[in-house]
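The values are calculated or read from the model by the stated rules, or taken from the named source; none is laboratory data. Just so it is clear, the structure is predicted and the values come from calculations on it, not from any experiment. Note: ideal-geometry Cβ built from the backbone for every residue, glycine included; neighbour counts use all protein chains shown.
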Amino acid sequence: MLPTTQRILAAGSARRRPPLGVRAARALVLAVVATLLGAGAANAQLSAEAIDDLASGNAAVAAALEMDRSTPAGQMRAAVTLLDLGEPAVAGTVLAELVQTDLSTEQRAALVREFGAARFLELIRLDRPGVQSNFTGARQFAQSCLDAAAQMASDPQRIARMIAELQSDDVVTRDAARVDLQGSGDAAIQGLFAALAGAGEEPAKRAAILNTLAGMRPGLDQPLIAALAGGEGQFRRDLAELAMQENISPAALWLAALSAAEPPTPAGATVRAMIAARGMAPSTPTQVAAEVRKRLADVQAGVPGVTLDAEDMAEWWSWNQAEKQLTSTRVALPVLQVLAGARLLDAAEAAGPLPVDLARQAVSYRLQRAFELDQPPSEETVAQLEQMSTGDLSTMLAESVVQQHFEAAWRLAKQLGRRGDFAALVTSDGRPSPLAAAVASPNRKLRFAALEAVIAIKPQQSFAGASYVPQALWQFAAGGGQPTAVAASSRVGVASNWAGQLRAAGFDATPVQNGLDAIRVAADPSVAGRLGLIALDSDLGSPEVGDLIYQLRTYPALQHVPVAVLSSIYRLPDAERWAEADPATLAIIRPRDAAGLQAVVDKTADLPVASLPEEQLRNAQAAQALAWIGELLAAGRPFDELARDANVAARLLLTSNLTKPSLAVLQQVGTHDAQTALVEAASNRSLPIETRQAAAAAFAANVAAHGLHLTRGQELQQFDRYNASETADPQTQKVLGQLLDVIEGK
């Protein structure tokens with residue numbers, strides 16, 4: 001027999017061993033060193049003589065070294081055995097043989113299947129970066145094995161081959177295929193489900209697949225629920241039977257729903273028979289509906305039984321019956337709540353016709369689900385919307401907003417607008433209706449849809465919440481163009497410097513010196529509609545920044561605007577506390593230069609809030625809002641506050657694509673400011689002559705309707721302008737002459 005040293009190192013020659021007493025002493029010394037060094041023993045470099053002596057003094061180590069290491073599996077088995085015996089130094093020496101072997105992908109994957117991923121993770125931990133030891137190289141080797149196993153486990157051809165082998169005439173082949181599939185995880189489950197759906201009337205094949213799936217829990221549970229929810233016919237019947245046989249409790253609700261349906265489906269009939277065999281009665285639709293209500297409440301508080309990963313994401317499974325395909329997607333918790341809630345309501349409907357309350361929730365959840373999955377709403381859901389009364393649509397809108405199903409709420413608001421029914425704005429308790437309240441929603445998309453719906457209804461009288469309409473109109477009217485920002489610091493130079501740097505970053509920034517001015521500027525309709533950032537100095541003073549952020553969030557249009565608290569090092573803990581309480585707030589050390597502030601802007605883009613829409617969309621919304629304002633003013637609709645913020649239209653006169661609707665608005669507003677804006681626009685030689693002519697015509701119409709509101713000084717100024725235009729072009733002279741004619745009442 002070869003000496004132990006040669007078996008380990010595959011090198012060297014036989015030598016005479018020292019006397020037993022010396023060997024025992026050496027083993028004792030090594031054991032003491034290992035005890036003193038603890039985990040550091042793995043880094044000890046043992047000589048061939050030391051290993052030979054250790055084996056001679058320890059029968060268990062000697063037995064491990066006597067293992068057959070002619071194959072990669074044998075080498076790995078010896079190494080892990082030595083690790084279990086508490087001999088990492090010897091194990092590392094044995095492992096070095098394996099690390100230096102050129103293994104194929106299949107061989108590496110086979111090692112993971114045999115010894116488990118945990119063993120390879122242990123090897124990764126033992127090979128510490130930057131530390132030379134007998135385990136050097138184990139990290140790379142273990143990771144390559146794990147990667148190979150993952151690649152092999154998800155190889156569709158390999159999985160298809162193993163599924164075919166489940167029906168092999170050779171029992172060893174069948175058993176090996178079953179074991180390999182059960183160790184191949186999600187990819188194998190997906191392949192087995194597809195094979196089961198395509199098995200048709202082949203009972204032997206279906207039985208082999210189901211037998212394999214039975215050994216794949218708990219990973220099987222969620223895919224099985226997805227297939228029960230989306231599957232049909234024999235496929236669904238087989239999985240229902242499997243769930244009953246294996247007592248898969250997460251599928252209990254779907255099994256109850258299938259058993260309650262009348263007339264029973266093939267799956268429902270199977271479940272009923274198996275329930276009856278256990279001496280129990282099937283569930284009723286009422287019982288299923290009650291359970292769904294309870295679970296919906298749990299889902300709205302956070303999906304029970306779901307574990308989120310480090311990125312707060314979870315896996316969601318779905319079955320496509322048309323394509324016979326099982327898929328999984330990683331989704332955030334809010335999306336998971338929508339998908340899980342919609343599936344619960346699907347289960348309730350599978351049991352029988354939905355009660356009224358669940359029917360409303362089903363439409364809301366399904367509309368939101370379609371959005372989250374980037375799919376159009378089903379024809380059935382759209383038909384249900386069209387058949388619902390205005391009252392039901394309003395109730396659904398309120399429920400959708402509470403549940404933050406804003407896409408569903410958007411579609412409901414659009415539907416109410418198409419109805420044109422004033423009942424959508426009427427309430428019996430004096431509170432704003434759900435549609436009117438949505439005009440003040442912090443969600444910009446819903447706010448615009450609700451505003452559009454109110455305009456489409458064309459109310460002829462006031463209603464609760466009517467004051468929201470002018471506010472929203474002017475916010476959207478002012479929302480076009482360059483994004484705005486507010487820079488607040490009690491030090492004038494700092495606020496001005498930040499504002500300048502924000503302008504360089506693409507913002508129309510306004511510096512302020514206190515918190516109250518920050519609120520006033522941010523809430524101004526001419527700013528709020530396009531506000532992209534609020535930068536607050538941590539040392540701003542009273543009110544304290546935390547309270548200031550709270551006050552800002554009381555304005556619906558400001559609830560989702562990113563706030564950056566630019567903090568001193570001393571107040572950083574306070575800033576972080578404020579940011580922790582508000583998801584749209586970032587706490588960060590004060591930047592030193594423009595590049596630093598640009599980095600702050602970039603970081604706010606990662607906050608979990610909806611970003612300011614693209615300028616093209618905001619410009620389109622601004623033009624539409626101005627057109628609505630003009631129409632409402634001309635028609636005398638019941639919005640008394642509409643003319644109050646007409647100065648916004650004066651600012652928008654200089655925005656080319658908003659000039660025409662701005663003139664139409666100013667023409668209708670009989671105020672000094674409106675007439676001043678029109679006269680200034682008509683007299684401004686830097687504007688195109690067509691714009692000046694339109695402004696002069698709008699001024700004439702305004703004065704004709706509301707009388708002249710210019711001051712005597714402004715009238716004299718227009719005479720001076722006309723007299724100074726002697727050398728101007730004839731068109732300019734004509735426009736200035738028209739203005740004087742209106743002023744003089746000609």
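Which ranges mark the helices (runs of 4 or more DSSP H) fully within segment 66-127 that have 2 or more residues being touching a residue at least 60 places away in the same chain (Cβ under 8 Å)? Spell out the reasoning first.
Working: elements: 72-84, 88-99, 105-115, 117-126.
Answer list for segment 66-127: 88-99.
What helices (runs of 4 or more DSSP H) lie completely within segment 311-426 and have 2 or more residues being touching a residue at least 60 places away in the same chain (Cβ under 8 Å) and either farther than 30 Å from GLY185 by Cβ or touching a strand residue (DSSP E or B) at 6+ places or on another chain (Cβ under 7 Å) (or both)?
Working: elements: 333-351, 356-372, 379-387, 390-402, 406-419.
Correct list: 333-351, 356-372.
Quick one: in segment 564-601, of everything that is farther than 30 Å from PHE406 by Cβ and either of a type in the set (Gly, Ala, Ser) or assigned by TED's automatic domain parsing to the domain that holds LYS445 (or both), which residue is surrounded by the fewest Cβ atoms within 10 Å (Cβ to Cβ)?
Start the filter on segment 564-601 by keeping residues that are farther than 30 Å from PHE406 by Cβ, which leaves 566-574, 589-599.
Imposing the further condition that a residue be either of a type in the set (Gly, Ala, Ser) or assigned by TED's automatic domain parsing to the domain that holds LYS445 (or both) reduces the set to 567-568, 594-596, 599.
Numbers: SER567: 23, SER568: 13, ALA594: 16, ALA595: 10, GLY596: 14, ALA599: 12.
Per the criteria, the residue is ALA595.
List the pairs whose first member sits in segment 280-306 and is over 17 Å from GLN361 (Cα atoms) and assigned by TED's automatic domain parsing to the domain that holds LEU258, whose second member is of a type in the set (Lys, Arg) and in a helix (DSSP H, G or I), and whose Cβ atoms are under 7 Å apart, counting only residues at least 6 apart or on separate chains?
PRO282/ARG272
Which one is modelled with the highest pLDDT, of the residues in segment 177-213 that are loosely packed, with under 15 Cβ neighbours inside 10 Å and of a type in the set (Gly, Ala, Ser)?
Narrowing segment 177-213 to residues loosely packed, with under 15 Cβ neighbours inside 10 Å: 179, 198, 200-204, 207, 211.
Subsequent filtering for residues that are of a type in the set (Gly, Ala, Ser) retains 198, 200, 204, 207.
Working: GLY198: 93, GLY200: 85, ALA204: 93, ALA207: 96.
Ranking the qualifying residues of segment 177-213, first place goes to ALA207.
Conditions tested, residue by residue: (1) over 28 Å from the mean Cα position of the chain (by Cα); (2) in contact (Cβ under 8 Å) with a residue 60 or more places away in the chain; (3) on the phi < 0 side of the Ramachandran plot.
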position	(1), (2), (3)
SER538	yes, no, yes
GLY546	no, no, yes
ILE549	no, no, yes
TYR555	no, no, yes
SER568	yes, no, yes
ARG571	yes, no, yes
ILE588	no, no, yes
ALA595	yes, no, yes
THR604	no, yes, yes
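Residues being farther than 19 Å from SER662 by Cβ, aliphatic (A, V, I, L, M) and either surrounded by 16 or more Cβ atoms within 10 Å (Cβ to Cβ) or at pLDDT below 90 (or both): count how many of those fall in segment 602-647.
4
Across segment 652-675, what is the number of residues that are of a type outside the set (Lys, Arg) and within 25 Å of GLN482 (Cα to Cα)? Full working, then the answer.
Going through segment 652-675, the residues of a type outside the set (Lys, Arg) turn out to be 652-659, 661-675.
From what is left, the residues that are within 25 Å of GLN482 (Cα to Cα) are 652-659, 661-666, 673-674.
Of the residues in that region, 16 qualify.
Do you know which residues across segment 427-445 are buried (at least 24 other Cβ atoms within 10 Å of the Cβ) and not in a loop (DSSP other than H, G, I, E, B)?
PRO434, LEU435, ALA436, ALA438 - these are the residues of segment 427-445 that are buried (at least 24 other Cβ atoms within 10 Å of the Cβ) and not in a loop (DSSP other than H, G, I, E, B).
Just give me the residues in segment 516-555 being among the aliphatic types (A, V, I, L, M), over 17 Å from PRO583 (Cα atoms) and in a helix (DSSP H, G or I), in sequence order.
LEU516, ALA518, ILE519, VAL521, ALA522, ALA523, VAL527, ALA528, listed by residue number.
ARG330 passes all but one of (1) among the basic types (Lys, Arg); (2) surrounded by 19 or more Cβ atoms within 10 Å (Cβ to Cβ); (3) over 24 Å from SER259 (Cα atoms); which number fails?
Of (1) among the basic types (Lys, Arg); (2) surrounded by 19 or more Cβ atoms within 10 Å (Cβ to Cβ); (3) over 24 Å from SER259 (Cα atoms), only one is false for ARG330: (2).
Kindly evaluate ASP574 against the criterion of being out of contact with any Phe, Trp or Tyr (no Cβ under 8 Å at 6 or more places or on another chain) and closer than 26 Å to ASP547 by Cα. Explain how you work it out, then say what you get.
Working: out of contact with any Phe, Trp or Tyr (no Cβ under 8 Å at 6 or more places or on another chain): yes; closer than 26 Å to ASP547 by Cα: yes.
The answer is yes for ASP574.
Any chance segment 512-530 includes a residue that's closer than 23 Å to ALA605 by Cβ, modelled with pLDDT under 95 and in contact with a strand residue (DSSP E or B) (Cβ under 8 Å, 6 or more places away or on another chain)?
Checked against the condition, which is being closer than 23 Å to ALA605 by Cβ, modelled with pLDDT under 95 and in contact with a strand residue (DSSP E or B) (Cβ under 8 Å, 6 or more places away or on another chain), segment 512-530 yields at least one hit.
Taking segment 678-696 as the search range and keeping residues that are under 13 Å from GLN738 (Cβ atoms) and in contact (Cβ under 8 Å) with a residue 40 or more places away in the chain, which one is surrounded by the fewest Cβ atoms within 10 Å (Cβ to Cβ)?
ILE689
Given the criterion under 27 Å from the mean Cα position of the chain (by Cα), modelled with pLDDT of 95 or more and surrounded by 15 or more Cβ atoms within 10 Å (Cβ to Cβ), identify the matching residue among VAL338, VAL303. Before you say what the answer is, go through the steps one by one.
Details: VAL303 fails: modelled with pLDDT of 95 or more.
Of the residues listed, the single one that is under 27 Å from the mean Cα position of the chain (by Cα), modelled with pLDDT of 95 or more and surrounded by 15 or more Cβ atoms within 10 Å (Cβ to Cβ) is VAL338.
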